[in-house]
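To keep things clear, I will list the structure first and then write my remarks on it.
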Amino acid sequence: MYSKEVAERVINYISNRDQKWATYEKINTNVGNENLGETLAIMVKIGDLTFSGKKYRVSNSEIREGVVSVTKNGIKQIKTDNGKAIPLSVNSFYNVLSGDKVYNVLSGDKVKYRIIDKEAYVREIVDRRFTEQVFEVVFVNGKKALEYTQGNYSLKVNSEFLRDYSIGEYVLVNVSKPGYEKIIKRIGNTSDPNNRDIILAYNHGFDNEYDEDYLRELANIKTDINEEILANREDYRGEEAITIDCYNTRDMDDAVWVKKLENGNWLYRCHIASISEFIPFGGAIFRKALKRGYSVYTRKSVFPLFHYVISNGICSLNPEEDRLTKTITLEIDNKGNVINKKLTYGVINSRKKMSYAECDKVYLGDETVDKSYLPYRDLLFHLKELADILGDNLKRHGKIELYIPVPNIKTDDLGQPINDAKIDGPIFRKVIEYLMIYANMAYTEILDEEKLPLWFRNHVSSDEKTISSCIAKIKNYGYDTSIYDKTKNLQLFLASFVNNPADYQIISGIILSGFHMANIGYVNLGHFGLGLDKYCRYTSGIRRGDDFLNHYSADAYITGNTNNIDKLRNLQKVSCDWFNRAEVESEAVEAESLIEDILDIADRNMYNCIEGIVIELHYDMAYVKLINGVYGIVRNNEVKLSVGDKINAKIIEVNHNRKEVYLSFLNFIKKRGSGKRRVRTK
């Protein structure tokens, strides 16, 4: 058992020695305690002591604060306030302090930590962001017990408290204080469908629950679109606006239309569902949206920002239904410059809901394309042509293009994950990305000129030292960095890897790790990644809290009614802080759901020979992405794998508690380069 008193005596004893190092025997002689061995072990895990050559030394590194997170390939890390990621030391995820008790850290916890040899050692939990977590009632040693659904948590409770609960039930437990856990309510059992993602959502502060005030207000929302409502709107129902998104998307918040003008310019309209016209400012639905902050999407479930009556109904731009919009109209020349811009209320009737994949087939001339897309061929080609112009202009002005793979889990007839297939529709995903960026740019410029309250999407540039460190890491892995060494131009450097997707993904990941995290703020700080002086988002008002609130500023601009402006300004600071937190947690739910799918895929491919590529080295472990989407670890890297190596490996163990897959190296398919490779060893 760890003893805080013994720990303090150990630190005092070693600190007062001339050598500053002490063996176990010396410490035992001068401190002596039956708990000494376990206390020393915990002190090393939390970074209070360093252990080398059978001697202990007091750590003098600065104590810092950060938030714990887990990457999709299983690396545990600390996210700092500026968005940097520091890898956690081995086992630091599993034994930390809270007061004088040893406790397991949870993803999302705010912690104190030290950096020793470029690794983070968690010292103690500062704040448990989500104090309500889901546990399963299980049977252990003849007694009922609670087992944490995320697998890395030890919890002891008096079995009497579980008398009224059945084996297999899921319960929500308050875990804010070690030793004083309390069951709040039942939320289901192991036989419930989709309970996996429901549990993940609860563990990160999301749910699909609505109180009476919310439902009462929802019932009073007017969903009919009559001539009185249309009186002061632009009518775009005669144009062939379309929506393009994932094939399974149910909440469609944007539609696009483009036309080539006689003067050679382009007329582009971006229609966005006018969410704020249906949600009373300050009401129950409004407050719930601010509390949730973000929608969460997993393969099996959706936890929307708004009730489905809103997000899939009146505020979804469903095909062949009249819908109210806020519409950005832009005239753009052939260099991507905006000649004219306008923001108005509109009404549209979308012609068709389209998927990225089928739009790609139209563009590539694939004969298997859905024939209902063919009448819109010219429109799709015009959208692609305009998007190419916009993309080139954005890159000229500093947009950094990184290769960030989008998960695409394929399933069998029973809904079980089979593999992680290639991204659906990479061409038209990029088309819509550029079109939405331009719509948001225009929206930002129009409202900022009027000094209206805005929720900016800020991305602060990284310092040269951090980027140079990333470049050095890339060079250390054996890649040619001479272009960057000469020009200091990230765009040019990244472009040199575009034709090799495997290397491009690895290089992009390393560069991204050196970037600050983009966040939401009410003071404009610019957007480094997009190369823009200012940038806001409004194109996903039914999915993101900052977009939603920006719609109310757009209402003030269009109508001239400024009644809510002061209230919006009062909301800015507190809502920005919460939205940033909600964004992190929504991404965590989606990432953990993906990890669960990957673990399932790994289980189904146990002992099979599978091709993969080494994407990361961490001490004596190599992280490998297999072609079926599984991220696995080759432990004790005896064969000296290098980043970029293509190998054959087999899955030998799936650890569902640690969310890790372990591989056995079989042979090289292709050894990448012969450059230097340095791997930290312990």
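The values are calculated or read from the model by the stated rules, or taken from the named source; none is laboratory data. Being a predicted model, the structure only gives us computed values, none of them experimental. So basically every Cβ, Gly included, is an ideal-geometry build from the backbone, and we count neighbours across all protein chains shown. Just so you know, the surface numbers come from the protein's heavy atoms only, side chains and all, with ligands and any DNA or RNA stripped out. Shrake-Rupley method; radii C 1.70, N 1.55, O 1.52, S 1.80 Å.
Checked against a 29 Å cut-off, the cross-linked pairs 475/670; 54/475; 259/399; 352/430; 384/475 give Cα-Cα distances beyond that limit for 54/475; 384/475. The Rg/Rh ratio for segment 352-489, using Cα coordinates for both the radius of gyration and the Kirkwood hydrodynamic radius, is 1.06.
Looking at segment 583-674, the GluC sites (Glu not before Pro) that sit in a DSSP loop and have at most 12 other Cβ atoms within 10 Å of their own Cβ are 638. Multiplying the residue separation of residue 340 and residue 191 by 0.36 nm and removing their Cα-Cα distance gives an extension gain of 47.9 nm.
FRET efficiency for residue 320 and residue 570, Cβ-Cβ distance as r, R0 = 30 Å, nearest 0.05?
Numbers: r = 41 Å, r/R0 = 1.37.
According to the calculation, E is roughly 0.15.
Here the calculated FRET efficiency for residue 667 and residue 635, from their Cβ-Cβ distance with R0 = 25 Å, stands at 0.90, rounded to the nearest 0.05.
Taken along the Cα-to-beta-carbon direction at a fixed 7 Å, the label points for residue 562 and residue 309 span 3.5 nm. Exceedance of the 21 Å cut-off in Cα-Cα distance is limited, within the set 185/300; 4/177; 625/659; 260/335; 177/288, to 185/300; 177/288. Computed from label points 7 Å out along Cα-Cβ, the spacing between residue 18 and residue 533 is 6.6 nm.
Taking the Cα centre of segment 425-478 as origin and assigning +1 to Lys and Arg Cβ atoms and -1 to Asp and Glu Cβ atoms, the resulting dipole is close to 480 debye.
Sparsely packed loop sites in segment 256-364 (the GluC sites (Glu not before Pro) outside DSSP H, G, I, E and B with at most 12 other Cβ atoms within 10 Å) comprise 262, 320. In units of the compact-protein estimate 2.2 N^0.38 Å, segment 532-682 shows a Cα radius of gyration of 1.59. Ranked from largest, the principal axis spans of the Cα set of segment 213-254 equal 37, 33, 11 Å. The mean of 1/r over all pairs of different alpha-carbon atoms in segment 469-606, once inverted, gives a Kirkwood hydrodynamic radius of 18.8 Å. The rule of thumb for compact globular proteins, 2.2 N^0.38 Å, goes into the C-alpha radius of gyration of segment 296-348 1.63 times. The chymotrypsin sites (Phe, Trp or Tyr not before Pro) found in segment 321-377 include none that occupy coil by DSSP while having at most 15 further C-beta atoms within 10 Å.
Using only alpha carbons, segment 438-483 has a radius of gyration to Kirkwood radius ratio (Rg to Rh) of 1.33.
Find the centroid of the Cα atoms in segment 395-453 and in segment 581-598, then give the distance between the two in whole Å. Taking the Cα centre of each part, segment 395-453 and segment 581-598 sit 18 Å apart. Close amide H contacts of residue 124 (hydrogens built in the peptide plane, cut-off under 5 Å, sequence separation of 5 or more or a different chain): 97, 112.
The length gained by stretching the chain between residue 416 and residue 291 to full extension, at 0.36 nm per residue less their Cα-Cα distance, is 41.7 nm. For residue 532, nonlocal amide neighbours, meaning residues 5 or more places apart or on other chains whose placed amide H falls under 5 Å from its own, are 527. Taking only the Cα atoms of segment 271-322, the radius of gyration and Dmax are 11.9, 33 Å. Each principal axis of the Cα cloud of segment 569-658 was taken in turn, and the coordinate range along them, longest first, works out to 59, 27, 21 Å. Across the accessible surface of the chain, with the other protein chains kept in place and a 1.4 Å probe, carbon and sulfur atoms take up 47 percent. Within the chain, helices built from complete DSSP H runs that reach 24 Å or longer along their own axis (Cα positions) and carry a mean Kyte-Doolittle hydropathy of -0.5 or higher are 377-396, 426-449, 565-604. For segment 251-393, the pair-distance distribution built from all alpha carbon pairs, in bins 10 Å wide starting at 0, is 10, 31, 34, 21, 5, 0 percent.
On full extension of the chain, what length is gained from residue 227 through residue 5, given 0.36 nm per residue of separation minus the C-alpha to C-alpha distance?
Numbers: separation 222, 0.36 × 222 = 79.92 nm, distance 7.61 nm.
72.3 nm is the gain from fully extending residue 227 to residue 5.
Please give the FRET efficiency for residue 35 paired with residue 139, using the beta carbon to beta carbon distance and R0 = 35 Å, rounded to the nearest 0.05.
Working: r = 31 Å, r/R0 = 0.89.
Plugging the Cβ-Cβ distance into 1/(1 + (r/R0)^6) gives 0.65.
Kirkwood hydrodynamic radius of the chain, from the reciprocal of the average inverse Cα-Cα distance over all distinct pairs: 27.8 Å.
Over segment 186-267, the ratio between the Cα radius of gyration and 2.2 N^0.38 Å evaluates to 1.81. Distance between the 7 Å Cα→Cβ label points at residue 485 and residue 397: 3.5 nm. Projected over every direction and averaged, the convex hull enclosing the alpha-carbon atoms of segment 104-249 yields 16.9 nm².
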